[in-house]
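Structure record follows, encoded as structure tokens.
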Amino acid sequence: MNKEELESGALQNEKEKQQLEEEEQVVNPWEVSAKEGGKIDYDKLIEKFGCQRLNQSLIDRVEHLTSRRAHVFLRRGVFFAHRDFNDILDAYERGEKFYLYTGRGPSSEALHLGHLIPFMFTQYLQEAFKVPLVIQLTDDEKFLWKNLTVEESRRLARENAKDIIACGFDIRRTFIFSDFDYVGGAFYRNMIEISKRVTCNQIVGIFGFVGEDHIGKYSFPPVQAAPSFPSSFPHLFSGKDNLRCLIPCAIDQDPYFRMTRDVAPRIGHHKPALIESLFFPALQGETGKMSASDPNSAIYVTDSEKDIKNKINRYAFSGGQDSIEKHRQLGANLEVDIPIKYLGFFLEDDAELEHIKKEYGAGRMLTGEVKQRLIEVLTKLVERHRRARAAVTDEMVDAFMAVRPLPNMFN
């Protein structure tokens with residue numbers, strides 16, 4: 001075999017290896033899946049996307065700069081990766097403010113717990129750093145991707161806004177907007193600046209679109225990119241075009257902002273920084289994101305105490321053994337146990353969580369006991385959210401979505 005044949009064979013092997021890796025897990029804004037129901041490999045995602053692990057020194061800096069304990073999602077690695085978060089902290093330490101940007105694609109009446117995670121974390125960031133926030137409701141995206149009318153997409157956006165407001169955002173520092181209502185003017189000008197600098201080949205490479213996809217899908221990414229730039233919001237940030245942006249999101253949204261970060265310096269803006277979360281696992285196991293088509297795969301903020309109890313007891317995948325005797329002997333497999341993973345997200349007390357993991361892992365605590373504690377934690381969380389949402393009126397939604405200055409946004 002000559003040199004050319006060897007090189008050709010090596011190239012083919014590399015392509016096959018790359019194809020195999022791509023088949024093993026798919027992570028993009030519309031699909032999250034691992035090969036044959038396996039777990040998402042986050043190390044591979046970090047390598048593929050080119051982001052960085054969030055290390056303890058950054059968490060320590062957050063605590064130092066905010067003079068408060070880091071959020072449980074930081075302490076336990078729920079938000080685990082970032083892009084230029086260190087630059088945001090450097091700027092903040094120099095006395096420079098930043099703004100937050102996150103969003104929601106409104107495709108359902110109610111949110112599940114996985115949907116709440118970026119908003120719970122963003123509310124903490126807003127409160128800790130005392131910075132403004134823009135929240136994009138991509139009702140146009142859901143019209144393009146889902147079987148929804150424009151009217152239904154807009155209605156769901158307002159319904160979802162109520163759940164978002166219930167997370168405790170400060171109206172003095174928060175602007176929520178619907179794409180159908182807000183896009184135009186300076187926002188549209190930034191969209192066009194972005195669009196001119198991204199080729200179809202790049203869009204296909206980043207998002208995997210194909211020739212059969214309608215052009216609405218190709219034209220949407222600049223809509224999600226534009227809020228990364230302060231000049232898209234002249235009523236908020238007039239004269240502050242140098243303001244940095246931090247985007248808390250799940251890691252499946254990273255493709256949008258890889259594109260955005262490539263364009264940003266070419267149109268005179270800072271690259272947006274990102275802080276990215278793991279996926280919240282389905283009740284049936286850690287195989288990716290929950291399915292909206294299967295109501296038993298998730299706990300919704302509209303679930304009753306009875307619903308929560310039933311779902312946890314019947315569907316939450318257990319790492320416990322199949323008999324009490326065997327469980328006492330071998331203990332639980334914490335790596336696959338969904339109740340333990342959910343407690344890792346929502347049980348505030350670090351000492352209690354470690355105690356449960358130690359006792360359950362050693363077989364001294366049974367699956368039923370762990371599930372019962374989780375039911376208590378989630379029932380309390382959902383009830384608290386339900387009460388807060390019930391207090392959100394249509395007038396409050398209008399106020400959060402009003403195009404208005406926020407004079408106290410940095411105080």
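Please compute the modelled spin-label separation between residue 383 and residue 349, points set 7 Å along Cα→Cβ, answer in nm with one decimal.
1.7
Given 0.36 nm per residue, what is the gain on full extension from residue 69 to residue 200 after removing their alpha carbon distance, in nm? Walk me through the numbers on the way to the answer.
Numbers: separation 131, 0.36 × 131 = 47.16 nm, distance 4.48 nm.
Stretched out fully, the residue 69 to residue 200 stretch lengthens by 42.7 nm.
First check a/c for segment 295-390, with a ≥ b ≥ c the square roots of the eigenvalues of its C-alpha gyration tensor; if it is under 1.5, answer rounded, and if not, answer prolate when a/b is larger than b/c or oblate otherwise. Provide the component values of the computation, followed by the final result.
Numbers: a/c = 2.75, a/b = 1.76, b/c = 1.56.
It comes out prolate by the Cα gyration axes.
Quick check on the exposure proxy: order 101, 182 from fewest to most C-beta atoms within 10 angstrom. Before the final figure, lay out each step's value.
Details: 101 27, 182 20.
With the fewest neighbours first, 101, 182 line up as 182, 101.
Where the centre of each part is set by its Cα atoms, how far does segment 204-279 sit from segment 329-350, in angstrom?
Answer, in whole Å: 35.
Using a/c under 1.5 as the rounded threshold, could you call the chain rounded, prolate or oblate? The axes a ≥ b ≥ c are square roots of the C-alpha gyration tensor eigenvalues, and prolate needs a/b larger than b/c, oblate otherwise. It would help to have the intermediate numbers written out before the result.
On the way: a/c = 1.56, a/b = 1.16, b/c = 1.35.
Cα axes put the chain in the oblate bin.
Which cross-chain or sequence-distant (5 or more) residues have an amide H under 5 Å from the amide H of residue 365, H modelled 1.01 Å from N in plane?
360
Per DSSP H run of at least 4 residues, take -39500 (n - 2.57); add these up for the chain, divide by its residues and hand me the 222 nm value, nearest 500 deg cm²/dmol.
On the way: 21 runs with 213 residues, N = 411.
The helix contribution divided over the chain gives -15500 deg cm²/dmol.
Regarding segment 161-254, what whole-number volume in Å³ per residue does the convex hull of its Cα atoms give? Can you show the working numbers first?
On the way: hull volume 13.3 nm³, N = 94.
Convex hull volume per residue, Cα atoms: 141 Å³.
To the nearest 0.05, what FRET efficiency results for residue 214 and residue 294 with a Förster distance of 30 Å applied to their C-beta separation?
Numbers: r = 27 Å, r/R0 = 0.91.
Once the sixth-power term is evaluated, E becomes 0.65.
So which trypsin sites (Lys or Arg not before Pro) in segment 197-289 end up in coil per DSSP with only 16 or fewer other C-beta atoms within 10 Å?
On the way: sites: 197, 217, 240, 244, 258, 261, 266, 289; in loops: 197, 240, 289.
Filter output for segment 197-289: 197, 240.
Ranked from highest to lowest mean number of other Cβ atoms within 10 Å per residue, what is the order of the peptides 332-343, 380-391, 363-374? Mind showing how you got there, number by number?
Numbers: 332-343: 20.2, 380-391: 14.8, 363-374: 18.3.
Sorting 332-343, 380-391, 363-374 by mean packing, highest first, produces 332-343, 363-374, 380-391.
Tell me, what ³J(HN,Hα) does each residue in segment 97-112 have, in order and in whole Hz, if you take phi through Karplus 6.51 cos²θ - 1.76 cosθ + 1.60 with θ = phi - 60° and put x for Gly and Pro?
Residue by residue, segment 97-112 yields 7, 9, 10, 9, 9, 9, x, 8, x, x, 10, 9, 5, 10, 8, 9 Hz.
Give the span of segment 277-351's Cα atoms along each principal axis, as three whole-Å numbers ordered largest to smallest.
38, 25, 24
The numbers here are math on the coordinates, done by the rules we state, and not lab data. Since the model is a prediction, treat every value here as computed from it, not as a measurement. Note: ideal-geometry Cβ built from the backbone for every residue, glycine included; neighbour counts use all protein chains shown.
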